[in-house]
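Trainee: My structure is below; once you've seen it, I'll send some questions.
The values are calculated or read from the model by the stated rules, or taken from the named source; none is laboratory data. Predicted model, so just to flag it, every value in this text is computed and none were measured. All Cβ positions, glycine included, derive from the backbone under ideal geometry; neighbour counts span all protein chains shown. In case anyone asks, the SASA skips ligands and DNA or RNA and just uses the protein heavy atoms, side chains included. Shrake-Rupley method; radii C 1.70, N 1.55, O 1.52, S 1.80 Å.
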Amino acid sequence: MDKKDLKIVYMGTPDFAVESLKRLVEGGYNVAAVVTMPDKPAGRGRKVVPSAVKVYATQAGLKVLQPERLKDESFIDELKGIGADLQIVVAFRMLPEVVWNMPRLGTFNLHASLLPQYRGAAPINWSIINGDKETGVTTFFLKHEIDTGEIIDRVAIPIGDDDDAGTVHDRLMMLGADLVVRTVDRILEGHVETRPQEALADGETLRPAPKIFKDTCHIDWHDAAENIRNLVRGLSPYPCAWGELHVEGKEPLAVKIYAVRKSPERCDAPCGTVDTDGKTYLRVAAANGWVEIVSLQLPGKKRMTAEELLRGHKLDGGYFS
């Protein structure tokens, strides 16, 4: 079958999903429709905005479906009417069986980890939080249990010591787009040989990638300095690690922390203690050393370096909790 004859329905919502869709469109593949989340309020003004995938799909002149519920009969009927041969899912919602089992060639998903590691909603964040040195992308066919279907293909990349969730996200977005196109080509050619995820586990302890909440992002200053650094890296630039700053005589402040580094200097202060020269450095005591804050954001202010903060704010002692 020629790629122009393979009717594809593409499902995705955020920026991560745009690049794969763009590669398919620009590569001449037949994207018959795009399914994405309904428009929703965002930002301080709560203005209703479309998803990143909808913005691109509209510009490309593609048919866009935005069901509130994926089990709605009207949506199911419309999807059946399109008659897709293949469905592709990238950063979307969990699909009911009636949807993922509809196309004759199945539905495959692009996941931002080396499955079976990091099944779940936040694989990029958790791989960095856990201090991993490698991650990647995986394509697999959907089945009932989330992120457990048979693997079609995987590609690995290293995680650098200075990488954070933002840099890894962008690299995996591009790598994932390559893999989506390669997977479609293999399906077209009939050369797909899937492997069960259990065969790739190789006796490893499987780590999950659950959704991240505000409490997940709260820094525990009683932890080791390296673990704190990995937490900050894994949550930067979004949703961002944070700590509550207490200074005598002032209201506590919830401070977002975007980047830190370990200090080589010995630390005997209680965990959470703030130390600064008032000009060039701001550091916090952890369980086994100082953690120097490089970049942060106070409530209602813009992101700034520690030096910028100290130039505009007198900070004499205090502690983080």
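Trainee: Please verify whether segment 73-83 includes one or more residues that are modelled with pLDDT of 95 or more, within 22 Å of the chain's Cα centre (by Cα), of a type outside the set (Phe, Trp, Tyr) and part of a loop (DSSP other than H, G, I, E, B).
Mentor: No, segment 73-83 contains no residue that is modelled with pLDDT of 95 or more, within 22 Å of the chain's Cα centre (by Cα), of a type outside the set (Phe, Trp, Tyr) and part of a loop (DSSP other than H, G, I, E, B).
Trainee: Return the total of residues in segment 189-240 being touching a helix residue (DSSP H, G or I) at 6+ places or on another chain (Cβ under 7 Å), small (Gly, Ala, Ser) and closer than 28 Å to Lys143 by Cβ.
Mentor: 1
Trainee: I'd like the residue in segment 33-72 that is small (Gly, Ala, Ser) and within 20 Å of the chain's Cα centre (by Cα) and, out of all such residues, is modelled with the lowest pLDDT.
Mentor: Checked segment 33-72; the qualifying residue modelled with the lowest pLDDT is Gly43.
Trainee: From Val155, Val168, which residue is assigned to a strand (DSSP E or B) and either modelled with pLDDT of 95 or more or surrounded by 20 or more Cβ atoms within 10 Å (Cβ to Cβ) (or both)?
Mentor: That would be Val155, the only listed residue that is assigned to a strand (DSSP E or B) and either modelled with pLDDT of 95 or more or surrounded by 20 or more Cβ atoms within 10 Å (Cβ to Cβ) (or both).
Trainee: Something else: Which one is nearest to Asp316 (Cα to Cα) among residues in segment 276-300 that are at pLDDT 95 or above and among the charged types (D, E, K, R)?
Mentor: Arg283
Trainee: Let me ask something else. Out of all the residues in segment 267-312, which are more than 17 Å from Val232 (Cβ to Cβ) and open to solvent by less than 20 Å² (accessible area, probe 1.4 Å)?
Mentor: Leu310
Trainee: Still on this structure: Please specify each residue of segment 1-32 satisfying the condition of being of a type outside the set (A, V, I, L, M) and in a strand (DSSP E or B).
Mentor: Across segment 1-32, the qualifying residues are Lys7, Tyr10, Gly12, Asn30.
Trainee: Which one is farthest from Pro123 (Cα to Cα) among residues in segment 254-266 that are at pLDDT below 95 and surrounded by 15 or more Cβ atoms within 10 Å (Cβ to Cβ)?
Mentor: Applying the filter and picking the extreme gives Ser263.
Trainee: I'm trying to understand the selection: among the residues of segment 125-180, which are over 21 Å from Ser236 (Cβ atoms), among the β-branched types (Val, Ile, Thr) and touching a Ser or Thr at 6+ places or on another chain (Cβ under 7 Å)?
Mentor: From segment 125-180, those over 21 Å from Ser236 (Cβ atoms) are 138-156, 177-180; that's our starting set.
With among the β-branched types (Val, Ile, Thr) added as a condition, the list becomes 138-139, 146, 148, 151-152, 155, 180.
Hits for segment 125-180 are Thr138, Thr139, Ile151, Ile152, Val180.
Trainee: Cβ contacts < 6 Å: first residue closer than 14 Å to Trp221 by Cα, restricted to segment 274-285; second residue surrounded by fewer than 16 Cβ atoms within 10 Å (Cβ to Cβ), any location; separation 6+ or different chain. Result?
Mentor: Pairs that qualify, where the first residue is closer than 14 Å to Trp221 by Cα and the partner is surrounded by fewer than 16 Cβ atoms within 10 Å (Cβ to Cβ), are Ala285/Ala269.
Trainee: Applying the selection to segment 93-102, what residues are in contact with a helix residue (DSSP H, G or I) (Cβ under 7 Å, 6 or more places away or on another chain) and part of a loop (DSSP other than H, G, I, E, B)?
Mentor: Scanning segment 93-102 gives a single hit, Met102.
Trainee: What are the residue pairs meeting all of these: first residue in segment 4-22, first residue over 20 Å from Met174 (Cα atoms) and open to solvent by 30 Å² or more (accessible area, probe 1.4 Å), second residue modelled with pLDDT of 95 or more and in a loop (DSSP other than H, G, I, E, B), Cβ atoms under 9 Å, and 6 or more apart or on different chains?
Mentor: Here the result reads Lys4/Gly28; Lys4/Tyr29; Asp5/Asp85; Lys7/Gly83; Lys7/Ala84; Lys7/Asp85; Lys7/Pro103, each pair linking segment 4-22 to a residue that is modelled with pLDDT of 95 or more and in a loop (DSSP other than H, G, I, E, B).
Trainee: Give me the pairs, please: first residue somewhere in segment 210-229 and without any contact (Cβ under 8 Å) to a residue 60 or more places away in the chain, second residue anywhere and not in a loop (DSSP other than H, G, I, E, B), beta-carbon distance under 6 Å, and either six or more positions apart or on two chains.
Mentor: Within 6 Å, the pairs are Cys217/Leu235; Cys217/Ala241; Cys217/Trp242.
Trainee: Could you list all residues from segment 104-137 that are in contact (Cβ under 8 Å) with a residue 60 or more places away in the chain, part of a strand (DSSP E or B) and open to solvent by 20 Å² or more (accessible area, probe 1.4 Å)?
Mentor: Arg119
Trainee: Assuming Glu145 fulfils every condition listed in (1) within 30 Å of Ala241 (Cα to Cα); (2) open to solvent by 70 Å² or more (accessible area, probe 1.4 Å) apart from one, which condition is it?
Mentor: (1)
Trainee: Let me ask something additional. Filter segment 44-69 for residues that are open to solvent by less than 50 Å² (accessible area, probe 1.4 Å) and assigned to a loop (DSSP other than H, G, I, E, B); which is nearest to Met1 (Cα to Cα)?
Mentor: Leu62
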